[in-house]
Amino acid sequence: MENQQIKKMYEQAEDFMPLNGTDYVELYVSNARQAAHFYKSAMGFHSLAFSGLETGNKEFESYVVVQNKIRLVLSSPLRSGTEMGRHIDKHGDGVKVVALWVDDAASAYHEAVKRGAKSYMEPRVEEDAFGQVVRSGIHAYGEVVHIFVERKDYNGPFLPGYQAWETIYNPEPIGLEYIDHMVGNVGHNQMNKWVDFYKNVMGFAQILSFDDKDISTKYTALMSKVMSSGNGRVKFPINEPADGLKKSQVEEYLDFYEGEGVQHIAVATNNIIDTVTKLRERGVLFLEVPDSYYDSLTERVGKIEEELETLKNLRILVDRDDEGYLLQLFSKPVQSRPTLFFEIIQRKGATSFGKGNFKALFEALEREQELRGTL
Ligand code: FE2
């Protein structure tokens, strides 16, 4: 897509709700303590903050891990019969909160609710010895919620109620910098509803769309539209399954997650070769594309700085758009259910999402689905 065109689309976004970026992502998981260890050991995050019995929280335990601008919160209930426990029973481990950093959490909430958002949490001031934070929240697709976080002169490790989590075990980071985008999977014929939600309720603009002709293989298909906040700092592609001969990966997700939810978190690196080398050394598994993908790569993307052989060894994918190219790679699901996974992405000018890789990728995904007997 032409530069001018994308710029125009950004201008269409009505920025009544300026977002400074993603504040944190909270996952409800069945064992937060072990999940935190995975994100540290395998993905290079460091201990940041903790809430649980030791901080007077008798309901749940949360570990917050950090790498550059990325904060993940891993939460588990401490007893049966909780809302968090119900969520985990239904969905398995998954993303509950996509928190957005704003200058005014009350105004963001009122603007969104005025435009039709369903309230999740009315604006509330949270306070401890380190200062004040204001948070509010609205419902999004499935059981995902957006929490608006306003931090003015807050000097604590994370949020009021959390204490610093200091451990001597903090493996070397692997160069993850920030969240590039987060993708939602929604049900049949639901994509446009959620595109409208992000447009009308949150003032996002649609910057790209793919239909089943772009993203289909012999068997399966999906449609996708990419929504972006006015300043481009927050991007949410929304997928819905399209009809194919067999069950699509989005349908498999919807079946196993038992509803709509976050499909993947794309995290950016400035050196994907180094990042993926380290991730592989630490046992993180990725989707594998066939050798043949690399036979036609140069022809498809032209000249790139990286050695083809290195990319092939690490199974890194490449795609090009009008503005440059990008390198990307997708992990296997990070929990028992074939639901949430991570994308590692390095942008070298490109502002798109790897459309040219979709077909190669889906064929790889289908090989995996075949192994699980869910194609
Ligand atoms: Fe992605």
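The values are calculated or read from the model by the stated rules, or taken from the named source; none is laboratory data. Because the structure is predicted, anything quoted here is derived from the model rather than measured. Cβ placement follows ideal geometry from the backbone for every residue including glycine, while neighbour counts extend to all protein chains displayed.
Please determine whether any residue of segment 28-39 is in a loop (DSSP other than H, G, I, E, B) and hydroxyl-bearing (Ser, Thr, Tyr).
First pass over segment 28-39, keeping only residues in a loop (DSSP other than H, G, I, E, B): 29-31.
Right, trim to hydroxyl-bearing (Ser, Thr, Tyr) and you get 30.
Yes: one or more hits.
Taking the condition within 16 Å of the ligand (Cβ to nearest atom), in the same structural domain as Gly349 (by TED's automatic domain parsing), of a type outside the set (Val, Ile, Thr) and at pLDDT 95 or above, does Gln263 pass?
Working: within 16 Å of the ligand (Cβ to nearest atom): yes; in the same structural domain as Gly349 (by TED's automatic domain parsing): yes; of a type outside the set (Val, Ile, Thr): yes; at pLDDT 95 or above: yes.
For Gln263, the condition - within 16 Å of the ligand (Cβ to nearest atom), in the same structural domain as Gly349 (by TED's automatic domain parsing), of a type outside the set (Val, Ile, Thr) and at pLDDT 95 or above - is met.
List pairs: first in segment 234-245 and over 15 Å from Leu208 (Cβ atoms), second within 14 Å of the ligand (Cβ to nearest atom) and of a type in the set (Phe, Trp, Tyr), Cβ under 9 Å, 6+ apart or cross-chain?
Here the result reads Pro241/Tyr253, each pair linking segment 234-245 to a residue that is within 14 Å of the ligand (Cβ to nearest atom) and of a type in the set (Phe, Trp, Tyr).
Determine, yes or no, whether Arg79 is of a type in the set (D, E, K, R) and either under 25 Å from the mean Cα position of the chain (by Cα) or farther than 19 Å from Tyr28 by Cβ (or both).
On the way: of a type in the set (D, E, K, R): yes; either under 25 Å from the mean Cα position of the chain (by Cα) or farther than 19 Å from Tyr28 by Cβ (or both): no.
Considered against the rule, which asks whether it is of a type in the set (D, E, K, R) and either under 25 Å from the mean Cα position of the chain (by Cα) or farther than 19 Å from Tyr28 by Cβ (or both), Arg79 comes out as no.
For Gly92, indicate whether it is of a type outside the set (Lys, Arg) and buried (at least 18 other Cβ atoms within 10 Å of the Cβ). Walk me through how you get there before you give the answer.
On the way: of a type outside the set (Lys, Arg): yes; buried (at least 18 other Cβ atoms within 10 Å of the Cβ): yes.
Yes, satisfied.
Output the residues belonging to segment 69-89 that are assigned to a strand (DSSP E or B) and closer than 17 Å to Leu53 by Cα.
First pass over segment 69-89, keeping only residues assigned to a strand (DSSP E or B): 70-77.
Once the filter is applied, which keeps residues that are assigned to a strand (DSSP E or B) and closer than 17 Å to Leu53 by Cα, segment 69-89 yields Val73, Leu74, Ser75, Ser76, Pro77.
Name the residues in segment 72-87 that are surrounded by fewer than 21 Cβ atoms within 10 Å (Cβ to Cβ) and either outside the structural domain of Ser47 (by TED's automatic domain parsing) or under 18 Å from Pro333 (Cβ atoms) (or both), would you?
The one that is surrounded by fewer than 21 Cβ atoms within 10 Å (Cβ to Cβ) and either outside the structural domain of Ser47 (by TED's automatic domain parsing) or under 18 Å from Pro333 (Cβ atoms) (or both): His87.
Is it the case that some residue within segment 256-277 is among the polar types (S, T, N, Q), under 20 Å from Glu177 (Cβ atoms) and touching a Ser or Thr at 6+ places or on another chain (Cβ under 8 Å)? Show your work before the answer.
Going through segment 256-277, the residues among the polar types (S, T, N, Q) turn out to be 263, 269-271, 275, 277.
Narrowing the set further to residues that are under 20 Å from Glu177 (Cβ atoms) leaves 269-271, 275, 277.
From what is left, the residues that are touching a Ser or Thr at 6+ places or on another chain (Cβ under 8 Å) are 269, 275.
Yes, segment 256-277 has at least one match.
Where in segment 295-372 are there helices (runs of 4 or more DSSP H), lying wholly inside it, with at least 2 residues that are within 14 Å of the ligand (Cβ to nearest atom)? Don't jump to the end; show me each part of the working.
Numbers: elements: 297-301, 308-314, 355-372.
Qualifying helices (runs of 4 or more DSSP H): 355-372.
Which residue pairs have Cβ atoms under 7 Å apart, sit 6 or more places apart or on different chains, and have a first residue in segment 255-274 that is in contact (Cβ under 8 Å) with a residue 60 or more places away in the chain and a second that is away from the ligand (no atom under 11 Å from the Cβ) and of a type in the set (Phe, Trp, Tyr)?
Close Cβ pairs (under 7 Å, with a partner that is away from the ligand (no atom under 11 Å from the Cβ) and of a type in the set (Phe, Trp, Tyr)) amount to Glu260/Tyr141; Gln263/Tyr253; Ala268/Tyr178.
Suppose the filter is aliphatic (A, V, I, L, M), at pLDDT below 90 and over 19 Å from the mean Cα position of the chain (by Cα); does Leu361 pass it? Steps first, answer last, please.
Details: aliphatic (A, V, I, L, M): yes; at pLDDT below 90: yes; over 19 Å from the mean Cα position of the chain (by Cα): no.
No; evaluated as a whole, the condition is false for this residue.
Scan the strands (runs of 3 or more DSSP E) fully inside segment 94-190 and keep the ones with 2 or more residues being within 16 Å of the ligand (Cβ to nearest atom) and touching a Pro at 6+ places or on another chain (Cβ under 9 Å). Before the answer, list the steps.
Numbers: elements: 94-102, 119-128, 131-139, 145-152, 176-185.
The strands (runs of 3 or more DSSP E) meeting that bar are 176-185.
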